[in-house]
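See below for the structure under consideration.
The values are calculated or read from the model by the stated rules, or taken from the named source; none is laboratory data. This structure is a prediction, so every number in the text was calculated from the model and none was measured. Cβ placement follows ideal geometry from the backbone for every residue including glycine, while neighbour counts extend to all protein chains displayed.
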Amino acid sequence: MAIRNIVKEGDEILRKKSRVVVKFDERLHTLLDDMAQTMYEAHGVGLAAPQVGILKRVVVIDVGDGLIELVNPVIVEAKGKNEGSEGCLSVPGEWGIVVRPSKVKVKAQNRYGEEIILKGTDLLARAFCHEIDHLEGILFKDLAIRMVDPSELE
Ligand code: CO
């Protein structure tokens, strides 16, 4: 495993659409392992492959309940609204208020290509939406209803 460099806002790779993963091979597993290690080292709760310079539909998330690996994730159901603060490892030191669904259902594949269905509420729902947005080249700043000073956050 290796820690990868996190791409920062301003790099055009963050604005590109990621490609669907078709090979569930050792290369993918290494990417997933490296992304998890990179996320934990940076104290993030999620990381998408474009953030390490790879335009593949691959995401890792850990909001405190264990590591979630998503390959080719798609939101298939979204309910409710939840207004909350959000940041991004690619946009260090900046925070914004983003309205997200309070519940989402995600269809994805695991590292072996098997279909998985996951449900998330609140912070996990927010993380699913935020990371899947990265695969479309969308940053939370694009959606923020306002940016906030970190001192405003508790
Ligand atoms: Co992000």
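Every residue in the stretch 78-90 that is surrounded by fewer than 17 Cβ atoms within 10 Å (Cβ to Cβ) and within 14 Å of the ligand (Cβ to nearest atom), please.
Scanning the stretch 78-90 gives no hits.
For Gly93, indicate whether it is surrounded by 14 or more Cβ atoms within 10 Å (Cβ to Cβ), of a type outside the set (D, E, K, R), within 16 Å of the ligand (Cβ to nearest atom) and on the phi > 0 side of the Ramachandran plot.
For Gly93, the condition - surrounded by 14 or more Cβ atoms within 10 Å (Cβ to Cβ), of a type outside the set (D, E, K, R), within 16 Å of the ligand (Cβ to nearest atom) and on the phi > 0 side of the Ramachandran plot - is not met.
Kindly indicate whether Arg111 is among the basic types (Lys, Arg) and closer than 24 Å to Met1 by Cα.
yes
Name the residue, out of Val45, Val104, Val148, Val74, that is among the hydrophobic types (A, V, I, L, M, F, W, C), modelled with pLDDT under 95 and in contact with a strand residue (DSSP E or B) (Cβ under 7 Å, 6 or more places away or on another chain).
After applying the criteria, what remains is Val148.
Could you grab the pairs with beta carbons closer than 6 Å, sequence gap of 6+ or different chains, first residue in the stretch 25-50 and closer than 15 Å to Cys88 by Cβ, second one among the charged types (D, E, K, R) and within 16 Å of the ligand (Cβ to nearest atom)?
Pairs that qualify, where the first residue is closer than 15 Å to Cys88 by Cβ and the partner is among the charged types (D, E, K, R) and within 16 Å of the ligand (Cβ to nearest atom), are Thr38/Arg4; Gly46/Glu131; Ala48/Glu131; Ala49/Lys56.
Identify, please: which residue in the stretch 39-55 is more than 14 Å from the ligand (Cβ to nearest atom) and of a type in the set (A, V, I, L, M) and is, among those, farthest from Arg4 (Cα to Cα)?
Leu55
Only one of these conditions is not met by Glu114: (1) out of contact with any strand residue (DSSP E or B) (no Cβ under 9 Å at 6 or more places or on another chain); (2) within 21 Å of Gln51 (Cα to Cα); (3) surrounded by fewer than 17 Cβ atoms within 10 Å (Cβ to Cβ). Which number is it?
(2)
Applying the selection to the stretch 56-75, what residues are over 19 Å from Lys105 (Cβ atoms), away from the ligand (no atom under 15 Å from the Cβ) and surrounded by 15 or more Cβ atoms within 10 Å (Cβ to Cβ)?
Lys56
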